[in-house]
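Colleague: Okay, here's the structure, questions in a sec.
The values are calculated or read from the model by the stated rules, or taken from the named source; none is laboratory data. These numbers come from a predicted model, not from an experiment. Note: ideal-geometry Cβ built from the backbone for every residue, glycine included; neighbour counts use all protein chains shown. Please note that ligands, DNA and RNA were not included when accessible areas were found on the heavy atoms of the full protein model with its side chains. Shrake-Rupley method; radii C 1.70, N 1.55, O 1.52, S 1.80 Å.
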Amino acid sequence: MKEFIFKKALRFSHLYNGNTAPQNVKRSLNTLRYEKIVETINNLPRKSSIIDFGSGEGKLSSLLAYVKGIDELLAVEPSEAAMKKAIKRFEGLEDAFVTPKPTWGSLFYYDARLEHKDVIVLCEVIEHINEERLPKIMELILTQYSPQTLIVTTPNAEYNAVYKLDEMRHDDHRFEWTRQQFQEWCHAMNRNKQYELSLTGIGDQHDIYGQPTQMCIYTKKEENV
């Protein structure tokens, strides 16, 4: 198991020291998502306070803890079982710039503690929520919490053809959108036009079906800062 353990231990090390990812190591889609989110946040001018919404067992939060310039990192999660695993994971981050703070919370309820942070991340979260509930959630985030930057990732349903899937990628997914559906939804959620939107993909590029994960970055316009 030595080689396996070695690869697991080092697969994110390039994020800690700012280097590029090793080219000879095959990285999972989950790893690529985390890398892209960390890279995006690294390049933001304002990133001192971060909310990782739906943080689960704390994998992404553990990587964000090594981003220079972060003073506050809230790992927000509604599941007590997942939060316990995250707490144990965070105990091993002695050399990080900031220790993630496990925070019980839900997208369905307003929480004053989450207002006016620099960045909110929804990594593979929205597809676990019924579509009809999303507009209210996005209004809460973009209008009341009003972060400087919101990062949203979700599966690209078109790419399922590459995986030869006739169903959704996870049993708990309530939907999976095409690139056009996601783009239209992202713009529709920007009701007050307070944010600039940037859409991109994550993972191996297919000529027809695009990339397996799609990402939208909402950046608050200067006049609204």
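Colleague: Output wanted: per-residue J couplings in Hz (rounded whole) for region 162-171, from phi through Karplus 6.51 cos²θ - 1.76 cosθ + 1.60, θ = phi - 60°, x for Gly and Pro.
Modeller: Each residue of region 162-171 in turn: 5, 7, 6, 9, 9, 9, 6, 6, 9, 4 Hz.
Colleague: Moving on. I need to check one value: relative contact order of the chain, counting alpha carbon pairs closer than 8 Å and at least 6 residues apart, in percent. Walk me through the intermediate numbers first.
Modeller: Numbers: 364 pairs, mean separation 37.0, N = 225.
It comes to 16 percent, rounded to a whole number.
Colleague: Now a separate question. Going by a ≥ b ≥ c, the root eigenvalues of the Cα gyration tensor, does the chain fall in the rounded group (a/c under 1.5), the prolate group (a/b larger than b/c) or the oblate group?
Modeller: rounded
Colleague: Can you give me the solvent accessible area of S49 with a 1.4 Å probe, rounded to the nearest 10 Å²?
Modeller: Near enough 10 Å² of accessible area.
Colleague: Cut-off 10 angstrom, C-alpha nodes, Gaussian network model of the chain. Which of G92, G105, G201 fluctuates the most?
Modeller: Between G92, G105, G201, it is G92 that shows the largest mean-square fluctuation.
Colleague: Per-residue accessible area for E132 at 1.4 Å probe radius, Å² rounded to 10?
Modeller: So the heavy atoms of E132 present about 140 Å² to solvent.
Colleague: Given a cut-off of 18 Å, name the pairs among K68/K220; K47/K84; K47/K117; K47/K85; K36/K221; K68/K117 whose C-alpha atoms lie farther apart than that in the structure shown. Can you show the working numbers first?
Modeller: On the way: K68/K220 22 Å; K47/K84 26 Å; K47/K117 8 Å; K47/K85 26 Å; K36/K221 22 Å; K68/K117 16 Å.
In this structure, K68/K220; K47/K84; K47/K85; K36/K221 lie more than 18 Å apart at Cα.
Colleague: Quick one: what are the phi-derived ³J(HN,Hα) couplings along region 153-158, Karplus 6.51/-1.76/1.60 with θ = phi - 60°, whole Hz, x for glycine and proline?
Modeller: Along region 153-158, the couplings run 10, 7, x, 9, 4, 4 Hz.
Colleague: Keeping all protein chains in position, work out how much accessible area H116 exposes to a 1.4 Å probe, and write it in Å² to the nearest 10.
Modeller: 120
Colleague: State the percentage of accessible surface on the chain attributable to carbon and sulfur atoms; use a 1.4 Å probe and exclude ligands, DNA and RNA. Provide the component values of the computation, followed by the final result.
Modeller: Details: 5950 of 12300 Å².
C and S atoms contribute 48 percent here.
Colleague: Can you give the helix-only mean residue ellipticity at 222 nm for the chain, where every DSSP H stretch with n ≥ 4 adds -39500 (n - 2.57) and the sum goes over all residues, rounded to the nearest 500 deg cm²/dmol?
Modeller: Numbers: 7 runs with 62 residues, N = 225.
So the calculated ellipticity at 222 nm is -7500 deg cm²/dmol.
Colleague: For region 150-225, run through the chymotrypsin sites (Phe, Trp or Tyr not before Pro) and keep only the ones in DSSP coil with at most 15 other Cβ atoms within 10 Å of their Cβ.
Modeller: Details: sites: Y159, Y163, F175, W177, F182, W185, Y195, Y209, Y218; in loops: Y163, F175, Y209.
Those that pass, being in a loop and sparsely packed, are Y163.
Colleague: Moving on. At a 1.4 Å probe radius, which order do E80, E158 fall into by accessible area, largest first? Intermediate results must be reported in sequence, preceding the final value.
Modeller: Values: E80 125, E158 50 Å².
These residues rank, largest area first, as E80, E158.
Colleague: Tell me the per residue accessible area of region 162-225 using a 1.4 Å probe; a whole number in Å² is fine. Display every interim value, and only then the final one.
Modeller: Values: 4120 Å² over 64 residues.
The answer is 64 Å² per residue.
Colleague: I'd like to check one number: the per residue accessible area of region 49-125, probe 1.4 Å, reported in Å² as a whole number. Intermediate results must be reported in sequence, preceding the final value.
Modeller: On the way: 3600 Å² over 77 residues.
Heavy-atom SASA per residue in region 49-125 reads 47 Å².
Colleague: Taking amide H atoms as placed 1.01 Å from N in the peptide plane, list the residues 5 or more away in sequence, or in a different chain, whose amide H sits under 5 Å from that of N156.
Modeller: T213, Q214
Colleague: In addition: What do you reckon, how do K84, K59, K36 stack up by accessible area (1.4 Å probe), largest on top? Write out the running numbers ahead of the final one.
Modeller: Numbers: K84 130, K59 85, K36 60 Å².
The ranking, largest first, comes out as K84, K59, K36.
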